[in-house]
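One structure below.
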Amino acid sequence: MSNPPVFVPDRTDLVLLTALQDDLPLVPRPWRVLADRIGITEDEILRRMKTLREGGIIRGISPVLESRHLGLQAATLVALRVPEDRIDEVAAIISSYPEVSHNFRRDHSYSLWFTLAAKDREGIRKVLAEILDRTGISATDTLDLPTVSKMKIDVRFSFVPAPSREGTDGSD
């Protein structure tokens with residue numbers, strides 16, 4: 001059995017990936033604005049994004065929200081010891097909570113980690129207690145690591161020089 005071919009993005013794909021990390025306008029046709037910015041058509045943007053997704057380069061596009069501005073003043077990172085045969089079941093329960101923003105598996109004795117945000121520490125305590133009750137995970141198999149100081153690191157990958165507002169020629 002052979003491996004599927006590896007997708008190799010061209011220069012225009014790299015320009016698109018760089019642009020997607022920046023300002024995606026909140027307008028009815030954001031892809032058209034982005035297409036104009038980098039010098040290709042809206043249809044070309046959509047075709048390339050589909051190809052990048054199918055090639056495993058893009059997993060999704062989503063906003064990064066500042067939870068404190070939404071009234072969520074408390075946050076924590078939780079780690080659970082979950083038996084291997086229950087990972088999917090427990091992860092599904094955790095992911096069903098709107099207070100959970102990330103839920104990921106680690107190769108560690110604490111195998112499931114997730115972030116939880118709420119109005120205050122009491123809100124965190126209630127949601128975490130409910131999750132533990134529903135999953136049957138013991139408090140002794142739980143690490144609750146509350147946010148003490150928040151540091152945001154704006155990580156961006158520079159695949160090519162960022163396009164100017166006037167756009168680029170989009171050549172490969």
Residues whose modelled amide H sits under 5 Å from the amide H of Ile57, counting only those 5 or more places away in sequence or on another chain, are none
Expressed in nanometres to one decimal, the distance between label points 7 Å along Cα→Cβ at Met151 and Ser109 is 2.7
Zone reached by a paramagnetic label modelled 7 Å from Glu42 Cα along Cα→Cβ, restricted to the stretch 13-35 with backbone N below 19 Å, covers 16, 20, 23-35
Simple spin-label estimate for Glu54/Phe7, 7 Å along Cα→Cβ, in nm, reads 0.8
With +1 at each Lys and Arg Cβ and -1 at each Asp and Glu Cβ, the charge dipole magnitude of the chain around its Cα centre, to the nearest 20 debye, comes out at 340
Once the in-chain neighbours fewer than 8 apart are removed, the lysines whose Cα is under 27 Å from Lys150 read Lys119, Lys126
Sparse-neighbourhood loop hits (GluC sites (Glu not before Pro), the stretch 1-77; DSSP loop; Cβ within 10 Å at most 16 others) -> Glu66
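Since every read-out is calculated from the coordinates, none of them should be taken as a lab result. Source: prediction; values computed, not measured. Positions of Cβ are generated from backbone atoms using ideal geometry, with glycine treated the same way; all protein chains shown enter the neighbour counts.
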